[in-house]
Amino acid sequence: MIQLPNQFVQTIKDVHKHKAEKWLADFDQLIEDCEKRWDMKVLAPFDLSYNFVAPAKRKDGTDVVIKLVVPSEEFLSEVEALTLFNGNGMVKIIDVDLEKGIVILERLIPGKTLASLVDEEEATRIASQVMKKLWIPAPNTSNIPTTRQMEQKLIRIFQKYPEGFGPITKEILQEAVDTFKMMNSRRSNLFLLHGDLHHYNILIGKGESWVAIDPKGLIGDREYDVIQFLLNKLPDYHLETVIEKRIDILVEELNLDKQSILSWGFSHTVLATCWTIQEDGRYDKTFFKAINAFKCLLKNIDY
């Protein structure tokens, strides 16, 4: 029997509400069913956040990863994205059960994350090469969300908090909504994006090959997909300098538009900061500082 950490159990309850109780109650049986179905032994899980993810060893000796989730629209988007990426710059999908929320993936060994690299420039150039492999033209029909839906999420927050939300003023919320609308109106060549591509979702596998994991799946401009990378592993000071250096490398490696990155960066970072605001007033201070960093960089590029 696998003992789930208390914090993980609470997170599942907070996120999935009434669906969580049944999923947690059935968890031991779900593990047992998976072990029988795929002829494997599920091992102690990795550090858990929103989903159960653990290494497993199949009877033939193959190392795999099993991911168990409370079934949702987000899970369907993830599986569709994994299927469309088809192992190009992305971990390979082995099998899936959409109804039960199960996905079996190849295991990346040694599996250290890009966050383990100290050299900023090296990490950014590696990330750019993974992005280059990943991005493909968006499918004609898909259930994967788009950046317009991200815009709608921020609009709903603004409608709920018209005078501002936490540390974010109503003026900043309005500007971010306007920027989202402007950028979405300009979209032309749309791509299938990872949707949550940062240092901890890029791992090294066999042959020293770096590969992405855990796609959320998103359709939009390529410039949008670099924002999560820009927001991760930021220092407490000189955010603006670090963000701009990363952007300049990504522009050089991927032929991206710097102003578009900054505009998407500002609008998305406002949304990302809103997601972190707690009832007791806590919020991600690094994200909040990054809002101003994007604004300053945008102002400088306009001159």
Of the candidates Lys160, Lys181, the one satisfying the condition of being in the same structural domain as Phe287 (by TED's automatic domain parsing) and either among the hydrophobic types (A, V, I, L, M, F, W, C) or under 30 Å from Leu84 (Cα atoms) (or both) is Lys181
Looking only at segment 157-197, filter to residues that are of a type in the set (Gly, Ala, Ser), outside any strand (DSSP E or B) and touching a helix residue (DSSP H, G or I) at 6+ places or on another chain (Cβ under 8 Å); which one of those is farthest from Arg282 (Cα to Cα)? Gly195
With the requirement that a residue be surrounded by 17 or more Cβ atoms within 10 Å (Cβ to Cβ) and not small (Gly, Ala, Ser), what does segment 259-271 give you? Ile261, Leu262, Trp264, Phe266, His268, Thr269, Val270, Leu271
Residue that is nearest to His268 (Cα to Cα) [pool: residues in segment 138-156 that are over 20 Å from the mean Cα position of the chain (by Cα) and outside any loop (DSSP other than H, G, I, E, B)]: Ile155
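In this structure, is Lys22 in a helix (DSSP H, G or I) and loosely packed, with under 15 Cβ neighbours inside 10 Å? Spell out the reasoning first.
Numbers: in a helix (DSSP H, G or I): yes; loosely packed, with under 15 Cβ neighbours inside 10 Å: yes.
In short, yes.
Is it fair to say Ile243 is of a type outside the set (Ser, Thr, Tyr), within 17 Å of the chain's Cα centre (by Cα) and not in a loop (DSSP other than H, G, I, E, B)? Break it down into steps so the answer makes sense when it comes.
Details: of a type outside the set (Ser, Thr, Tyr): yes; within 17 Å of the chain's Cα centre (by Cα): no; not in a loop (DSSP other than H, G, I, E, B): yes.
No, not satisfied.
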Listed residues Lys13, Lys57, Lys36; which is in contact with a Leu (Cβ under 9 Å, 6 or more places away or on another chain) and at pLDDT 95 or above? Lys57
Tell me which residues, restricted to segment 127-139, are surrounded by 17 or more Cβ atoms within 10 Å (Cβ to Cβ) and either more than 17 Å from Leu82 (Cβ to Cβ) or among the polar types (S, T, N, Q) (or both). Ala127, Ser128
How many of the residues making up segment 5-50 are β-branched (Val, Ile, Thr) and closer than 26 Å to Gly61 by Cβ? 2
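Name the residues in segment 4-21 that are more than 24 Å from the chain's Cα centre (by Cα) and within 22 Å of Ile104 (Cβ to Cβ), would you? Break it down into steps so the answer makes sense when it comes.
Restricting attention to segment 4-21, the residues satisfying the condition of being more than 24 Å from the chain's Cα centre (by Cα) are 18, 21.
Answer for segment 4-21, where residues must be more than 24 Å from the chain's Cα centre (by Cα) and within 22 Å of Ile104 (Cβ to Cβ): there is none.
Quick one: which of Glu80, Glu73 is outside the structural domain of Phe229 (by TED's automatic domain parsing) and modelled with pLDDT under 95? Walk me through how you get there before you give the answer.
Values: Glu80 fails: modelled with pLDDT under 95.
None of the other options fit; the residue is Glu73.
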Counted residues in segment 142-161 being more than 14 Å from Asp178 (Cα to Cα) and aromatic (Phe, Trp, Tyr) come to 1
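Could you tell me which of the residues Glu121, Glu99 is outside the structural domain of Glu35 (by TED's automatic domain parsing), loosely packed, with under 14 Cβ neighbours inside 10 Å and in contact (Cβ under 8 Å) with a residue 12 or more places away in the chain?
Numbers: Glu99 fails: outside the structural domain of Glu35 (by TED's automatic domain parsing).
Answer to the selection: Glu121.
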Between Thr286, Thr276, which is among the hydroxyl-bearing types (Ser, Thr, Tyr), touching a residue at least 12 places away in the same chain (Cβ under 8 Å), surrounded by fewer than 19 Cβ atoms within 10 Å (Cβ to Cβ) and over 21 Å from Leu193 (Cα atoms)? Thr286
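The values are calculated or read from the model by the stated rules, or taken from the named source; none is laboratory data. Worth saying up front: this structure is predicted, and the values here are computed from it rather than measured. Quick reminder, even Gly has a Cβ in these numbers, built from the backbone with ideal geometry, and neighbours come from all protein chains shown.
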